[in-house]
Amino acid sequence: MRARRESALLLAMADPDARQTATCEDRPSPRAGRSRLKSILASVALVSAMLATAIASASAARDAPLVVWLSLDGVRHDYPDRGLFPALARMERDGVRAQRLIPVFPTSTFANHVSMATCSRVDRHGIVGNQFVDTELGVFNYGNDSRFINTEPIWSSAERQGVRSASFFWVGSETPWRGVGATYRRSPFDSGIGEAEKVDQILAWIDLPEDERPGLVLSWWHGTDRVGHLKGPDDPEIAVQLASQDAELARLFAGLDARNAWPFTTVVVSSDHGMTSGSIEINIASVLSDEGIESRYDTDGAVAYVTLSDRSELDRAKAALESVAGHVVYRSDALPEGLHITSPGRNGDLVLVAEAPHYYSRSGTLDKWLGRLAHAFSGDRGTHGYAPDQPDMAGILYMLGRGVEQGSTLDAVSNLDIAPTVSRLLGIDPPADCEGKALYEIVGEVK
């Protein structure tokens, strides 16, 4: 009798209408009551499991890995030792600093930003310099048209694998690569925008709702490149400029501190190349015009691509240029494999490689005339583009935050290894055609 009352009570709890309809004749049996109880408990367990999954998913979205990758243009590996830079010092103390970051050849801005993003060398990704001519696509002149990039950049790789990305002026990121671009990107490029605005935007991206926030943020910063070119790599103004960059980096760190974002955030700071002194100018136009040879040439300073109006004059042009000391002249169809710059249709007819302190003049540019003016007063100017094994061409690499063991040490690191390391931190595969490898000694145990 008691069992029947309990069964009726359970039935009423499960179905309120049962209180009105149950009679002595149609009350459930004890076995039916126990079955109904099991059904209720199973439903409660299912709801609890769904709730726990929802909470875990929300937590995972909130704490999903975030990598902020900054590139400080032209910061040589030893510049941080020239003064007190608190933000970089914090990265070295609480994270890791590599002794040197080795760029690819040529050690120019566009070639190396694309190499870092794609973890592939120039002969694969195709950006042979800051300026060049493609026989099909036309002139590339400090451009951001991703059609010129032949291998997958990390922002497209991340998007393809379900991780939102954001870019503030990283080379090649302003247009979608083969239909896949960063979810958030600033364009067009404007060198007048300073790092303060970039820090504000990065923090704004981090503050987006959980289902909108990017997992990968990339940003190009001015670094010390311009002052290095104009005043030379040993000018005191280098430290002043780096201090201004460090101050904005510190402001970014303060924002991450305030948001308690470090448990899921890693910050990577790298540079594209170093800087060295250039004191002997090679004027390609003068050499060829003296021989009555018409041509155009594109140069970043230490490498030049010469395209002849009349290719039948190739041997004569090569001989004329070889008569000038301080560089090596190659036919574009006979480039040494070890240079890794062969890109059919983009190397012109002749490829010139300068030996420091020689450099090629950049005709018709403001920086050329400003550089000459500075050289007239100081006797020095800065340049880059030389072989990556030259110590002055090495850049910086710092990492701090999630997945980076405090006090880790790194010697020389290839810049091709950054993108696979960032990919590992994000839990995704590296970009397709990647030639680098993750720095497992730093992020091998990342969860």
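Estimate the FRET efficiency between Ala258 and Thr135 by the formula 1/(1 + (r/R0)^6), using the beta-carbon distance for r and 30 Å for R0, to the nearest 0.05. Could the numbers behind the result be given before it?
Details: r = 52 Å, r/R0 = 1.74.
According to the calculation, E is roughly 0.05.
Which values, in whole Å and largest first, are the semi-axes of the equivalent ellipsoid of region 58-182 obtained as the square root of 5 times each eigenvalue of the Cα gyration tensor? Show your work: numbers first, answer last.
Numbers: eigenvalues 153, 104, 24 Å².
Square roots of five times the eigenvalues give 28, 23, 11 Å.
For region 139-152, what does the Karplus curve 6.51 cos²θ - 1.76 cosθ + 1.60, with θ = phi - 60°, yield as ³J(HN,Hα) per residue in whole Hz, taken in order and with x for Gly and Pro?
Coupling constants for region 139-152: 7, 9, 9, 6, x, 10, 8, 5, 4, 6, 8, 8, 10, 5 Hz.
Can you check how the C-alpha radius of gyration of region 137-200 compares to 2.2 N^0.38 Å, as a plain ratio? Intermediate results must be reported in sequence, preceding the final value.
Details: Rg = 12.3 Å, N = 64, 2.2 N^0.38 = 10.7 Å.
That ratio works out to 1.15.
Given 4 °C and 1.567 mPa s, compute D for region 196-325 with the Stokes-Einstein relation, Rh being the Kirkwood radius over Cα pairs; round to the nearest whole µm²/s.
Once the numbers are plugged in, D ends up at 68 µm²/s.
Laboratory data are not the source of any read-out in this text; all were calculated from the coordinates shown. Remember, it's a predicted structure, so these values are computed and weren't measured experimentally. Cβ atoms come from the backbone with ideal geometry, glycine included; neighbour counts cover every protein chain shown.
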